[in-house]
Structure formats: C-alpha cells, structure tokens
C-alpha cells in the first residue's frame, strides 16, 4: 500500500473533478466547468475504455454527471439504447446511483429500502436520514448547522453510508471470478452534516485540529477570496459555535466511512478477491469547514484542493513500496491511465493527459515527473461573480502548485502566491509582493506551457497521423507543389 503526500484535485468542485476522474483529462480540455454543466458527447470515459477490455464497470453511489442531452437528441441517440444508457450514466453500469446531495425522490431505491425497514413516512429521507429530533419530538432538519449535533433519526445500519456499502458488497459477491471495476462512491462526509448514532457525538471540540485562519487574511484581501468569504455559507462558518458543532460531526462521518470500508475489505477477503483487486482511495475535493473564513470548497487553499490518495496493489511487484509515502505531485487525471495500465488495456495517449501511477507503485522511476500540479475552477454560477461584476466567460482561476510555491492566476484580477515552505497554512498572500516577481513569472510560464500542451485533438490517434502522412496521400496520387 502506498500513500501519496501531494495529490491534487483537477478542480475543487464535485462535477468537474469527477469529469476529470472519468476522462483522464483536465477541465480545460473536457469543458464541464461546474456542477451540472454537461460533459461533451465526444469524451471517452473510463467505463468505455475498460469495458472494451472485458471488464464490467459499475457505479454504486454518487457520480454527479450530467450528459450532453442536446447532442444525444441531435444524433438520435435514445435513452433506451445501450449508447444512450452509457452517456446518461457517465459510462457506468448503474447498480445504484445515489447522489445524496438533494432529496432522491419517492421512487429512488434507497427510499424504497427505507420503507421496507419500517420508516413510515411520506418522505423518509427528509424525516429520518437528514433530520434529528427536538426535546418535544419535533423534527429538526440537518440542513441547518444548529441541528447537526443531533443524532439522525435513521439507525446507523440503514444510513446512507451503510446502504451504499451493502449495495457494493452485494455486487462484489455476485461477480465470482469475473473481472470487474467498481466505483464505490460515498456521499458522506457531505452536507447535510448530520450523522447517525453513535457517530454523531463520537468526537468533541477537543479532538478537532485548530481552525486555520487569521484576521490578517481579511485585510486588503484578494477580491475573489473576499467575495467568497462573504457567501452565506462562509459567513455562517465565521462563527465559533458553528465550528464547534459541525467539525466534530464531520469527523464522525469520516469515522463511519472508515468503518464501512473495513466491511468492504472483509468482503473482498471472503470472496477470495483481496489478492487480485487494486484499490484506489481518494476524494473529489475537501471542505473548508471554516478554514480561511470559508465553507464549501472551490478556492485553492490546501484544505480545498489537496485530496487523499492511498493505493493498494496486490501484485508482488508492488511489495517494494508497501507502507511508504510518495511525495511527487499527483493529479486526479492520473487515475484513468493507472487503471488502464494495471489491467493491461491500451492507453490512448492522444486523449489522456494524466500519467499512470503504476511505475511509482512498483518502485520504478517512470521517467521525469511533472513540475507543477494544476487545478482549475469557474465561479460563474456563484454569488462572487455578481458581487465582482465579472463577465461570466471570464470567471476562471488556475492553480499551479510547484515544489515550494503555489501560484494562482485569476482572469481580470491580480494573481496570488503562497510560499508553502515558510507559510504552510497559506495565511500570507504574496501575489503582489515585488520581492516575489521572479517566482510568479516562473510559475506563470509553467502554467502557460501546461495550457499549450492540452490534448484537444481527440479524434485522431497518433498512429492515424502516420497513416495519413505516409500512406493515404501518396496512394491517392496527390502531389502538392512539385515541379
């Protein structure tokens, strides 16, 4: 098992990050810039690439994918066809698609499951899964931070995390010796921040790390940062009482996830598959939870962009790195090429912008690695755009995280720069400090080089370029510019 110290999300927001996880391509390239912005029909997804190699590619849980329905209609691709199903569901075979960030509706399998377990209500998700109970038996919604310390009215064994685990284990047991890929995608920890007993009060304020923020951050603050600190959710998390309620519950939700992952690993052992299953554990982003006077995610501080990454490879070739940590800069676009190389599938380098982690997992050099990790965001759909009177087509920001410095380029606003060696908590913005002009210029050029090297020609594999140049033109009798 290898742990990576510096993995970064391609975009600190669910939808675009997952689009990158599933395509192996940056947000700059795939164009799904925010939640519910459709992913272009031209993109090839992880499911498409693995399915062609004989694997069943399944989803259990959250995906946050919106298909390119306009293009599907233009080309007459029906929802009842196999291509239509794949496009609607991000290339996955759906075992159970449970987004969990909004009411799933009365027809969702989880709601039916809750009713089977005796949760008698017109809306068991609202009334039991995300609600606590007041002293007089009144329902108190977990959507509101003041109620998050209450135990959810659903029992732990019927909670979202337990349910998703049950569905995943059932899938694993049904596969026998067949090859498969499972995207086991938990919604928690995520708002509504309410946990079932005993996880709701497993931790206290004394167990939480100190909140990372400084009053100095708000003085002469960068305009985009300042606009985000004024969002309603961020202002709520300026309050110490909110931090004291929500952060311990968040830790409880993480602990619950850990415990249920233990159930998954046990199921793999019982099915005889733990010794031939690659496991990659990660997240699409983190949440600020009050750090830097912010809630949610989207900006580029470490609490938002730096994600967990642990890889278990059962192959004996990976023994050399078991129990070690790897400090290289990793991006979420590296996951698709890793999975493809692991199963021996072709790696379409004309599409994929990431690098396989297999060499690093197996103690090989794998050649020169990247100098920067890049993350992107688009705040067109946020209140910050209105506050800043920004053109919707210019609400873009790019992070270039080097070995020591983190540079952030904003369209229409000054850049930001943080010295992660001297200021690991990113409390001092050096974006306009004249003493750091050289560092900003170097990372700006790195970022420009990165942009020029995106793979935008997705219809012509490398071998076809050679075919056209050396075979098709001469054979067609075409002689351009000859005497």
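Rounded if a/c is under 1.5, else prolate if a/b is larger than b/c, else oblate: which is segment 295-422, with a ≥ b ≥ c the root eigenvalues of its Cα gyration tensor?
prolate
Write down the percent of antiparallel bridges among all DSSP beta bridges whose residues are both part of segment 2-475, to the nearest 5.
60 percent
As a test of the definition: which semi-axes, in Å, follow for segment 2-475 when you take the square root of five times each eigenvalue of its alpha carbon gyration tensor? Largest first, please.
Square roots of five times the eigenvalues give 34, 31, 23 Å.
Is the shape of segment 238-351 rounded, prolate or oblate, going by the alpha carbon gyration tensor and its root eigenvalues a ≥ b ≥ c, with a/c under 1.5 for rounded and a/b larger than b/c for prolate?
Details: a/c = 2.72, a/b = 1.56, b/c = 1.75.
Oblate shape, in that a/c is at least 1.5 and b/c is the bigger or equal ratio.
Cα-based Rg (one decimal) and Dmax (whole number) for segment 66-133, in Å?
Final numbers for Rg and Dmax: 16.0, 51 Å.
What FRET efficiency would be calculated for the residue pair residue 3, residue 138, taking the C-beta separation as r and a Förster radius of 45 Å, to the nearest 0.05? Provide the component values of the computation, followed by the final result.
Details: r = 45 Å, r/R0 = 1.00.
Computed FRET efficiency for residue 3 and residue 138 comes out at 0.50.
Normalized C-alpha radius of gyration of segment 89-192, against 2.2 N^0.38 Å?
1.19
With each run of n ≥ 4 DSSP H residues scored as -39500 (n - 2.57), what mean residue ellipticity at 222 nm is computed for the chain after dividing by its residue count and rounding to the nearest 500 deg cm²/dmol? Don't skip to the answer; put the middle values down first.
Working: 16 runs with 144 residues, N = 483.
Result for the chain: -8500 deg cm²/dmol, rounded to the nearest 500.
Quick check: Cα centre of segment 273-307 to Cα centre of segment 388-442, how many Å?
After rounding, the separation between the Cα centres reads 21 Å.
Every number here is computed from the coordinates shown, using simple stated rules; none is lab data. Because the structure is predicted, anything quoted here is derived from the model rather than measured. In this analysis, Cβ positions are derived from the backbone assuming ideal geometry, glycine residues included, and neighbour counts consider all displayed protein chains.
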